[in-house]
Amino acid sequence: MNDFQLSDYRNNLSSSVSFQIQQLPEPARKEFLFTYNEEKKDLAIAYIFHFLFGAAYAYQGKWVKQILFWLTGFGFGIGWLINILRMPSSIRKVNHKIADKILGNIYRRYAFKQNTRPQDAVDYVSRRARMTENSLQNAKPRNIKPAYDPVHISVENLERGFMVDYQFNTWDVVSEMQIDWDKSGSDRCFKLVHDTSSILINTKRESGQLTVVHFDVISLFSIDSRLEAEINLRNKPSNVIKYKDIPFYRESTKSGLFFNMSAMAQAKKVTVWEYYDDSRQNIIRIEKHGRDNIKTLLGKIVSPMEFSDILPKQ
C-alpha cells in the first residue's frame, strides 16, 4: 500500500473530516488515504470529459443531471459555459461526499465512535489548533538541495559552516533556512555573518532560472507605523507602501511552512507579502511567522556570480 500523506489532500477535504482523520489510528488513516486516492475525482479529468463529450456530470456519477444536460443541448449552451467556471467547486463537493462516505465505512469497520461536529465555536477553534499543531510536528522540509559538485560550488550549495566571499568580504554561513510554499516551489535562505554585520541571502529556482536576493533586516515601523495593526487586524498590509519616499507595490502573497534547517526546530506557518519598486530590482518582504512574529526585510536582486571562493565546512 502506498504511504499517502494527509497533507497531500487537505485542501480537498473539509475541516471536520481532516480533524477526524487525524484522530484515527495509523492503519485506519492509511486505509482512508489509500481508498480516497483511488476514488476521488480529478479536476483535470473532469474538464477533459466536459470538453470532449460534455460528460462531466457522468464522471461525477450524476447521471440524472447528465441525461438532462444532453437532452437540453448542453444546457442550451449556457450551461456548458457555466460548468467551466463551476467545475472546481463541483469536484470539491463530490470529493467531500466521497471522503465522508469512506470515513463512515471505516468507523463502522473499526467499530469505534465517530467524533462528529464541534460542539461550539470554542471547541472548533480548539480542534483546529490541535490539528495545526499535529501537522506542524509531523511536517518535513522538501528535499530540494541541488546537485553538489565540489569543483564548482555555487551559492545554491551553501550550508551552515561554509565560508564565502561576497562584496569584498569573507562571510561565515551561520544558519540555513527553507520555506516550502503551499502551492508550489521552495526558497532557501542563509544567514551570513562578517564581524558584527549580518545579512540574509535568499535563493530560489523558477523555470530553471536561479534568483538570488540579498536581504537586510529593517524595522516595520520605518515603513509605516500603522502596518503592524493592519497585519494583525486584517492579515493584509496595504497594496502600496513607501520606504525612504520610494513607493513599493505589493505583487504577491504566499503562505507556507518555515523550517530552520540548522536548529532542526518544528516547522512554523509563515505568510509572506512581497513588494517591488519600479525598477523591479529592489524588494520589501514582510514575513509573519506564527500568530504574531513579524519580520521585515529590504532586498536587492544580485547576480549569483558575486559569490566566489566558496569553501565547504571542515
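Throughout, read-outs are computed from the coordinates displayed, never taken from laboratory work. No experiment lies behind these values; they were computed from the predicted model shown. Here the Cβ is made from the backbone with ideal geometry for all residues, glycine too, and neighbour counts use every protein chain on show.
Residue pairs exceeding 21 angstrom between C-alpha atoms, taken from 41/140; 191/242; 183/204; 191/268; 93/140: 41/140; 191/242; 93/140. Using Cβ point charges alone (K and R +1, D and E -1), the dipole size of the chain about the Cα centre works out to roughly 1740 debye. Placing unit charges on each Cβ (+1 for Lys and Arg, -1 for Asp and Glu) gives the stretch 155-311 a dipole about its Cα centre, and among 155, 217, 184 the Cα reaching farthest toward its positive end belongs to 184.
Charged neighbours of residue 288, selected by a Cβ distance under 13 Å, balance to +3 (K, R count +1; D, E count -1). Note that the stretch 155-311 carries a Kirkwood radius of 16.3 Å, evaluated over its alpha carbons pair by pair. The calculated 222 nm mean residue ellipticity attributable to helices in the chain amounts to -11000 deg cm²/dmol, summing -39500 (n - 2.57) over DSSP H runs of n ≥ 4 and dividing by all residues. Packing, as the average of other Cβ atoms within 10 Å across residues, places the peptides 184-197, 143-156 in the order 184-197, 143-156, highest first.
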